[in-house]
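**Student:** The structure follows.
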Amino acid sequence: MEKQILTQIDGIIIYRNFVENLPYDPHLKALTKEKRKMGILSEVLFWKQVRNKSFHHIDFDRQRIIGNYIVDFYVKTLGLVVEIEGVSHDFKQEHDLERTNFLQNLGLKIFRVTDYDVKQNLSFVMKGLEDFIIENYS
C-alpha cells in the first residue's frame, strides 16, 4: 500500500500513520470533559497553537481516551501522543512508565514536553514538535 501524504513541514513530506482499533474506556468520558474545563495553562497555551489545524494543517484532539488512559493531545493521522508533563509526573514515574509502554505497544509515538517549557519557551516547544514529526513521519 502506498503511503499517503498528510502535510509538509519546511518542504519535507510528512506521511500519514493512522493507528487503527485503539482501545477505549467509555467510563473516562466524563473525566475528559472535566479536564478540558480545568484549563491547565500549559495545555491551553499549546492548544491555541494547534487547534483548528493551525499547525501545518494537522488535526489534534485534546484529552483523548486511549485504553484506560487520557492523553493530553492526540493526532489520529500520525498515531502521535503529545504529553505535557507538570510537577505531578515527578511522583508517578512507575505509572508513567507503564502508560508509556502501553501506548508504544499500540504502535503510538510519544512527544513529551515540560509544563515549564510550554509556559516559558513555546516557540522552542513547537520547533521541537516539528523536528519530532519530521524525524518520525517523513
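**Student:** Quick one: is Glu130 surrounded by fewer than 13 Cβ atoms within 10 Å (Cβ to Cβ) and out of contact with any Ser or Thr (no Cβ under 6 Å at 6 or more places or on another chain)?
**Tutor:** No, not satisfied.
**Student:** Out of (1) over 22 Å from Glu85 (Cβ atoms); (2) β-branched (Val, Ile, Thr); (3) surrounded by 13 or more Cβ atoms within 10 Å (Cβ to Cβ), the odd one out for Ile58 is which?
**Tutor:** With respect to (1) over 22 Å from Glu85 (Cβ atoms); (2) β-branched (Val, Ile, Thr); (3) surrounded by 13 or more Cβ atoms within 10 Å (Cβ to Cβ), Ile58 is out only on (1).
**Student:** Identify, please: which residue in the range 91-103 is open to solvent by less than 90 Å² (accessible area, probe 1.4 Å) and of a type in the set (D, E, K, R) and is, among those, modelled with the highest pLDDT?
**Tutor:** For the range 91-103, the residue satisfying everything is Arg99.
**Student:** Give Gly67, Gly79, Gly86 a once-over and let me know the one that is modelled with pLDDT under 95, small (Gly, Ala, Ser) and either under 20 Å from Ile14 (Cβ atoms) or surrounded by fewer than 20 Cβ atoms within 10 Å (Cβ to Cβ) (or both).
**Tutor:** Working: Gly67 fails: modelled with pLDDT under 95; Gly79 fails: modelled with pLDDT under 95.
Answer to the selection: Gly86.
The values are calculated or read from the model by the stated rules, or taken from the named source; none is laboratory data. All figures in this text were calculated on a predicted structure; none of them were measured in a lab. We place every Cβ from the backbone using ideal geometry, glycine too, and count neighbours over all the protein chains shown. Side chains are part of the model used for accessible areas, which takes the heavy atoms of the whole protein and leaves out ligands, DNA and RNA. Shrake-Rupley method; radii C 1.70, N 1.55, O 1.52, S 1.80 Å.
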